[in-house]
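Q: If you scroll down you'll find the structure; I have some questions about it.
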Amino acid sequence: MPRSRPHSSLGQGLCVLLLLEQQSTVDATMALRMISYAGLSYQTLLNGRQISLPLPPVLPVVLYSGPRRWRASRDMAGLLDETPADLRPYQPQMRYLLIHEQTLMSSAGLPGKNLAVLLFRLGRSRDVEQWRCLLHTLIQTVQQEPEHAELNRSLTLWLHCIVRRSAPPAEQLPPVKTLQELDMMITEKPGLWAQQWLKEGRQEGRLKGQAELLLGMIQRRFGPVPDNVTLRIHAAKAQQIKAWSLNFVDAETLEDVLRD
């Protein structure tokens, strides 16, 4: 990150500290977490002499990939108890930008070469050929700017983790340092990747269907399903969903269904 410096206009350049947090479930204390991350990041960068006073502005962003609506407060004010007027100026303030991946991906007219859109599509894709096409587009987008070398490295590390989860269990993956090397690694054995990714996609589809069926039965018998229960069922493994489905047969309350 470039050193922070005084600037009287945007023409002189603006240094912004970007905080990204990935969430698959709703966290009621997210505003508190983001203000903590901001303080720790400032302190770390100051101690490492990577920035100096005045501090650069911060943009906290939460990337949410869960299926349900985000209900947590997006600012610290929503987490605080009713505060007397005299104390309000001294309370911590932080608001974060929420990006719901599912809502974003369902929107029409998204730019095909936008980095955020490409990363969302790469994270959600279960087709190996589509994944490689998206990776090629990402490589072309990053290569257009010479200052993207560090971004190339960071993206490679993240995508390598995704590939490692999708690779056959016995497959030993060589280390890669660039997106181009990652693409070459996948190209070497496309059949193995496609077979494993297809298997994972089918398993995820079955698990999602089982979760939705259980939620439908619960709603029919007990009424609207609380958000925390919905998130818990969507995050559960197949064996747990099966156990809850058996509990449902003679359950008298929602708590009876979800007992372990």
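The values are calculated or read from the model by the stated rules, or taken from the named source; none is laboratory data. In this text the structure is predicted, and so the values were computed from the model without any measurement. We place every Cβ from the backbone using ideal geometry, glycine too, and count neighbours over all the protein chains shown. Heavy atoms of the whole protein, side chains included, go into the accessibility calculation; ligands, DNA and RNA do not. Shrake-Rupley method; radii C 1.70, N 1.55, O 1.52, S 1.80 Å.
Q: Charged (D, E, K, R) and loosely packed, with under 12 Cβ neighbours inside 10 Å, is that true of residue 88? Can you show your working first?
A: Details: charged (D, E, K, R): yes; loosely packed, with under 12 Cβ neighbours inside 10 Å: yes.
The answer is yes for residue 88.
Q: Take the range 45-61 and flag every residue that is within 25 Å of the chain's Cα centre (by Cα) and either at positive phi or of a type outside the set (A, V, I, L, M, F, W, C) (or both).
A: From the range 45-61, those within 25 Å of the chain's Cα centre (by Cα) are 45, 56-61; that's our starting set.
Within the range 45-61, 56, 57, 60 qualify.
Q: What single numbered condition from (1) at pLDDT 80 or above; (2) over 24 Å from the mean Cα position of the chain (by Cα) fails to hold for residue 190?
A: (1)
Q: A further question on this structure: Given the conditions (1) among the acidic types (Asp, Glu); (2) surrounded by 11 or more Cβ atoms within 10 Å (Cβ to Cβ); (3) farther than 19 Å from residue 20 by Cα, which single one is not true for residue 75?
A: (3)
Q: Quickly run through the range 229-259 and pick out the residues that are open to solvent by 30 Å² or more (accessible area, probe 1.4 Å), under 17 Å from residue 66 (Cβ atoms) and either in a helix (DSSP H, G or I) or touching a strand residue (DSSP E or B) at 6+ places or on another chain (Cβ under 7 Å) (or both).
A: Matches in the range 229-259: 232, 234.
Q: Does residue 41 fit the bill of being of a type in the set (Ser, Thr, Tyr) and modelled with pLDDT of 90 or more?
A: Working: of a type in the set (Ser, Thr, Tyr): yes; modelled with pLDDT of 90 or more: yes.
Judged against the criteria, residue 41 is a match.
Q: Specify the residue that is farthest from residue 63 (Cα to Cα); the eligible residues are those in the range 122-141 that are at pLDDT below 75 and in contact with a helix residue (DSSP H, G or I) (Cβ under 6 Å, 6 or more places away or on another chain).
A: Of everything passing the filter in the range 122-141, 128 is farthest from residue 63 (Cα to Cα).
Q: With the structure loaded, tell me whether residue 52 is out of contact with any His (no Cβ under 6 Å at 6 or more places or on another chain) and assigned to a helix (DSSP H, G or I) or whether it fails that test. Walk me through how you get there before you give the answer.
A: Numbers: out of contact with any His (no Cβ under 6 Å at 6 or more places or on another chain): yes; assigned to a helix (DSSP H, G or I): no.
Considered against the rule, which asks whether it is out of contact with any His (no Cβ under 6 Å at 6 or more places or on another chain) and assigned to a helix (DSSP H, G or I), residue 52 comes out as no.
Q: I'd like the residue in the range 110-120 that is farther than 14 Å from residue 158 by Cα and in contact with a helix residue (DSSP H, G or I) (Cβ under 6 Å, 6 or more places away or on another chain) and, out of all such residues, is modelled with the highest pLDDT. Walk me through how you get there before you give the answer.
A: Taking the range 110-120 and keeping what is farther than 14 Å from residue 158 by Cα, we get 110-114, 117.
Cutting the leftovers down to in contact with a helix residue (DSSP H, G or I) (Cβ under 6 Å, 6 or more places away or on another chain) gives us 110, 113.
Working: 110: 60, 113: 65.
Once the filter is applied, the top-ranked residue is 113.
Q: Tally time: how many residues in the range 71-96 are among the basic types (Lys, Arg) and part of a loop (DSSP other than H, G, I, E, B)?
A: Taking the range 71-96 first, the residues among the basic types (Lys, Arg) are 71, 74, 88, 95.
Right, trim to part of a loop (DSSP other than H, G, I, E, B) and you get 71, 74.
Counting residues in the range 71-96 that are among the basic types (Lys, Arg) and part of a loop (DSSP other than H, G, I, E, B) gives 2.
Q: Further, regarding this structure: What number of residues within the range 36-60 are within 30 Å of residue 226 (Cβ to Cβ) and buried (at least 16 other Cβ atoms within 10 Å of the Cβ)?
A: Here is the first cut: in the range 36-60, the residues within 30 Å of residue 226 (Cβ to Cβ) are 36-37, 60.
From what's left, buried (at least 16 other Cβ atoms within 10 Å of the Cβ): 37, 60.
Matching residues across the range 36-60 total 2.
Q: Show the residue pairs meeting these rules: Cβ distance below 6 Å; 6+ apart or different chains; first residue within the range 31-47 and without any contact (Cβ under 8 Å) to a residue 40 or more places away in the chain; second residue aliphatic (A, V, I, L, M).
A: Listed by first residue and then by second, the contacts come to 37/19; 42/55.
Q: Turning to a different aspect of this structure: Looking only at the range 207-226, filter to residues that are in a helix (DSSP H, G or I) and of a type outside the set (A, V, I, L, M, F, W, C); which one of those is nearest to residue 250 (Cα to Cα)?
A: Taking the range 207-226 first, the residues in a helix (DSSP H, G or I) are 207-222.
Within this subset, residues satisfying the condition of being of a type outside the set (A, V, I, L, M, F, W, C) are 208-210, 212, 216, 219-221.
Values: 208: 23, 209: 22, 210: 19, 212: 19, 216: 16, 219: 15, 220: 14, 221: 12 Å.
Looking at residues that are in a helix (DSSP H, G or I) and of a type outside the set (A, V, I, L, M, F, W, C), I get 221.
Q: Can you tell me which residue among 68, 33 is within 26 Å of residue 229 (Cβ to Cβ), modelled with pLDDT under 90 and not in a strand (DSSP E or B)? Before you say what the answer is, go through the steps one by one.
A: Working: 33 fails: modelled with pLDDT under 90.
When all the criteria are applied, what remains is 68.
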